[in-house]
Amino acid sequence: MKVADAYSMICMVFASNFANAITDESIKKLKPNWMIKTDNPENAKGNELLSKALSHCTASDLAADLEGFKGACSLKFFKQISDEDMEHFYKQINFNKPFANLRATHISNMFALLSAIFKNDTNDKTHALLGLYLVDFFLPSLILFAKFLRYNAKTPYYQAMGELIMDFIKTIKANLGLKIDIK
């Protein structure tokens, strides 16, 4: 599997985890280890929290947790982007939100676009689009969202998502050589 394909798949996992809470059946199918292993401390912490979540959380726990922080799932919450800016950007690149019932700035639609860009990153033009999208639109809010989950999610499952998102951000930054500050 190509790295870009793996990143695309990871983006869709994140997208689906914030569009709707997972079911008890889905929880039983999950593995206690994240899909990729890195040396980042967030990866180890995320795996630890994920393992804990799988033995302690129910679908109703996760649904209640997601409901509690759903306002932050629209990344306009962090005041780095707006729905209007994202709608305009989507229109410019001819992207149709796969989660049509969610805002343009919703984390699920934002991850879905990143997934599509990774999947189609085959030339200089799409690679430039990837860098533009990450630096100008997605990463500034995504960093704040990951930190928000660390401190505001009630379940170890969504706390794990916060850690694993931060790990993913650091991995992408290192692999693409992005010039963005992650604190």
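Worth pointing out:
- Residue in segment 57-69 that is under 23 Å from Lys154 (Cβ atoms), in a loop (DSSP other than H, G, I, E, B) and among the polar types (S, T, N, Q) present: yes
- Residues of segment 60-85 classified as closer than 10 Å to His106 by Cα and either buried (at least 17 other Cβ atoms within 10 Å of the Cβ) or in contact (Cβ under 8 Å) with a residue 40 or more places away in the chain (or both), total: 6
- Hits in segment 37-55 (condition: in contact with a helix residue (DSSP H, G or I) (Cβ under 7 Å, 6 or more places away or on another chain) and of a type outside the set (Val, Ile, Thr)): Lys37, Asn40, Glu42, Asn43, Lys45, Gly46, Leu49, Leu50, Lys52, Ala53, Leu54
- The set of residues in segment 21-45 that are within 23 Å of Ile117 (Cβ to Cβ) and surrounded by fewer than 19 Cβ atoms within 10 Å (Cβ to Cβ) comprises Met35, Ile36, Thr38, Asn40.
Matching residues to (1) buried (at least 21 other Cβ atoms within 10 Å of the Cβ); (2) assigned to a loop (DSSP other than H, G, I, E, B); (3) in contact (Cβ under 8 Å) with a residue 60 or more places away in the chain:
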{"residue": "Glu87", "(1), (2), (3)": "no, no, no"}
{"residue": "Asn96", "(1), (2), (3)": "no, yes, no"}
{"residue": "Ala104", "(1), (2), (3)": "yes, yes, no"}
{"residue": "Leu113", "(1), (2), (3)": "yes, no, no"}
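No lab work stands behind these numbers, since they all come straight from the coordinates. As the structure is a prediction and not an experimental result, all values here were calculated from the model. Neighbour counts run over all protein chains shown; Cβ positions are idealised from the backbone, glycine included.
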